[in-house]
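Since the structure comes first, as structure tokens, the remarks are kept for the end.
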Amino acid sequence: MRVLVTGGCGYIGTHTVLQLVTAGHDVVVVDDFSNASPAVIPRLEELADRPIPVHRFTLEDRARTDHLLATERVDAVIHFAGFKAVGESVAHPISYYRNNIGATLSLLEAMSAHDVHRLVFSSSATVYGADATPPFTEDLPTSATNPYGWTKVMIEQIMRDLAVSDPQWRIALLRYFNPVGAHPSGRIGEDPSGIPNNLLPFIAQVAVGRRDRLLIFGDDYDTVDGTGVRDFIHVDDLALGHVAALEALGHRDEAVNTWNLGTGQGTSVRQLLRAFEKACGRELPYAVAPRRPGDIATSYADPTRAHRDLRWEATRSIDDICASAWAWQSANPHGYQA
Ligand code: WQD
């Protein structure tokens, strides 16, 4: 298929572009580079061994989005584009609602206008809210504790309503747990701008000398060792889940299909830190700090439905994750900027 990947120059987007090409699909990318670097494009083309067309604009621009769908004849869209920092969304809710929801509405209108009805959406386990008991299953009610999470809850609802209005739609809502790691080449990886919000990129930056020490946000949770427990999934397993979902939509009767993309295993902050020390070959400095507001103790997936419907499962281990993240970070201490 010819697939438009929005946000295709971002962390998960680039890894998914590679797996799409490997699976024999053609790819077109649109990205506004608000959270990605154009420096990734030549690396992506090197790894894909082919040119990757990239359009640079925001999907909030309805006219350009419509023109893109009118001129680039695509069979499907994988929609990653969106702001995704929880803390930032609390400080700047309007920009999150305008960008994440506005861009999505613009994309959906353009897809409808140009007869493209196959869509994979980048949702998040954050929609399970703060009160669910893990392992999380797709039939749980959704809610959020921050504007970023609400944009995911609301966009899922918009897509369900759209499918009711037009049965031509075939939509996959993919709920990610904690994407981590990097392509084994070490040429692409996670390159957060500023101080990393997320755990693994922060640990990797400590290991490469960019940060003094890791702060563990709370060690008094009711978990195996008191630190937070999460379902860390290798980004290449996640990318393969997108390819499987995209291809499955061609033979699904359901208009909207919700799938958890997670390993089904929980790993604590302290366990991940130890695994990364093994990968980088040295102890890493840390201190225990107060809990981070909004954090839950434990989150991990029940991935049964994706295993059954997509014949997909995560196969890469925590050691694979840490080895690949260290290969990326040690070869690119400052990410894509030199
Ligand atoms: C994981 C654990 C922290 C940083 C978020 C979003 C989610 C998705 C993934 C976008 C927690 C602890 C972290 C640090 C720490 N994002 N931690 N020190 O919060 O599970 O999920 O990112 O889709 O939507 O909610 O991921 O990596 O921020 O935190 O101790 O410097 O690591 O307390 O227990 P999280 P995270």
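Where a number appears in this text, it was derived from the coordinates with a stated rule and is not lab data. Because the structure is a prediction, the values reported are computed rather than measured. FYI the Cβ positions are ideal-geometry reconstructions off the backbone, even for glycines, and counts take in every protein chain you see.
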- Message: Among the residues that make up region 288-302, is at least one of them surrounded by fewer than 19 Cβ atoms within 10 Å (Cβ to Cβ), more than 9 Å from the ligand (Cβ to nearest atom) and closer than 30 Å to Ala76 by Cβ?
- Response: yes
- How many residues does region 235-269 contain that are out of contact with any strand residue (DSSP E or B) (no Cβ under 7 Å at 6 or more places or on another chain), over 14 Å from Ile321 (Cβ atoms) and crowded, with 19+ Cβ neighbours inside 10 Å? 4
- Query: Of Phe33, Phe57, which residue is in a loop (DSSP other than H, G, I, E, B) and more than 30 Å from Thr145 (Cβ to Cβ)?
  - Reply: Phe57
- Query: How about region 278-287: which of its residues are more than 15 Å from the ligand (Cβ to nearest atom) and touching a residue at least 60 places away in the same chain (Cβ under 8 Å)?
  - Reply: Cys280, Arg282
- Query: Of the residues in region 309-330, how many are β-branched (Val, Ile, Thr) and crowded, with 19+ Cβ neighbours inside 10 Å?
  - Reply: 2
- Message: Go through region 206-252 and report how many residues are out of contact with any His (no Cβ under 8 Å at 6 or more places or on another chain), within 13 Å of the ligand (Cβ to nearest atom) and closer than 30 Å to Thr22 by Cα.
- Response: 4
- Is there a residue being hydrophobic (A, V, I, L, M, F, W, C) and outside any helix (DSSP H, G or I) anywhere in region 316-325? no
- Conditions (1) within 22 Å of Gln19 (Cα to Cα); (2) part of a loop (DSSP other than H, G, I, E, B); (3) touching a strand residue (DSSP E or B) at 6+ places or on another chain (Cβ under 7 Å); (4) within 16 Å of the ligand (Cβ to nearest atom); number of the one not met by Pro134: (1)
- Residue pairs qualifying under the 6 Å Cβ cut-off, at least six apart or on distinct chains, with the first in region 82-107 being in a helix (DSSP H, G or I) and the second being among the small types (Gly, Ala, Ser), are Tyr96/Ser89; Asn100/Gly82; Ala103/Ala81
